[in-house]
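The values are calculated or read from the model by the stated rules, or taken from the named source; none is laboratory data. Given the structure is predicted, the values throughout are model-derived calculations rather than measurements. Cβ placement follows ideal geometry from the backbone for every residue including glycine, while neighbour counts extend to all protein chains displayed. Calculation scope for accessible area: heavy atoms of the full protein, side chains included, ligands and nucleic acids excluded. Shrake-Rupley method; radii C 1.70, N 1.55, O 1.52, S 1.80 Å.
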Amino acid sequence: QDLFEESLKWNRELGDRVGEALSLDNLGLVAHNQSNYERAQAIFEQSLAIYRELSDKLGLSYTLLNLGNVAKDRGDFKRANSLYNQGLDLKRELGDKRGIARAFASLAEVAFLQGEYTRAAEWATESLNLSRELGVKRGVLLALDILAVVVQYQGDTARAWALGEETLTLATELGAQRGIAYSQEMFALVEYM
């Protein structure tokens, strides 16, 4: 946080608006990771204003997705969905396939949290297919994590188990401790249900 604040100070002194917006985005991510959602939202909105002023569609797309994450974590699923869709539209316009895959995963999470399991499975599958096409293993891992849980809630235990095993294998390969723990929780859920 201290380094990002220093970076923000220098970017403002230099009049570097893109650098300022980037520093704000990073500070927003720190606040979000600290579960300080009010601060994160305020910071991301400052960044969003700069990107709009500069007509920087790439910066706008990332910040919209970041704001969507904050809204999701605050339980405001309607706003999260709207922000994710705005970000997705820009990612599509820019041809940013990696960003499109991430937006699909975010939309899948919100759909799942709202109990819209069919829609969540569709979004997660879109994210998974695109991440595989791009060879983005962390994107594949994220989509697999979401899809495995969604499929379990849809009642397809065998498929959930298979997706969980694929998730665990990939998480182990990547050394993704959170993914490994998530997979193990999913196996416990499958056995419980």
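Could you please find all residues in region 96-133 being of a type in the set (D, E, K, R) and either closer than 18 Å to residue 65 by Cα or modelled with pLDDT under 95 (or both)? Reasoning before the result, please.
Here is the first cut: in region 96-133, the residues of a type in the set (D, E, K, R) are 96-98, 102, 109, 116, 119, 122, 126, 132-133.
96, 97, 98, 102, 109, 126 - these are the residues of region 96-133 that are of a type in the set (D, E, K, R) and either closer than 18 Å to residue 65 by Cα or modelled with pLDDT under 95 (or both).
So, in region 48-60, of the ones that are crowded, with 20+ Cβ neighbours inside 10 Å and within 18 Å of the chain's Cα centre (by Cα), which residue ends up farthest from residue 96 (Cα to Cα)? This residue is 48.
Between 78, 9, 72, which is within 17 Å of residue 106 (Cα to Cα), assigned to a helix (DSSP H, G or I) and open to solvent by 80 Å² or more (accessible area, probe 1.4 Å)? If you could, list the steps in order and put the result at the bottom.
Details: 9 fails: within 17 Å of residue 106 (Cα to Cα); 72 fails: open to solvent by 80 Å² or more (accessible area, probe 1.4 Å).
One residue alone meets the criteria, 78.
Out of the residues in region 143-193 meeting the condition of being outside any helix (DSSP H, G or I) and of a type in the set (Gly, Ala, Ser), tell me which one is modelled with the lowest pLDDT. Step by step, filter region 143-193, then rank; the result is 176.
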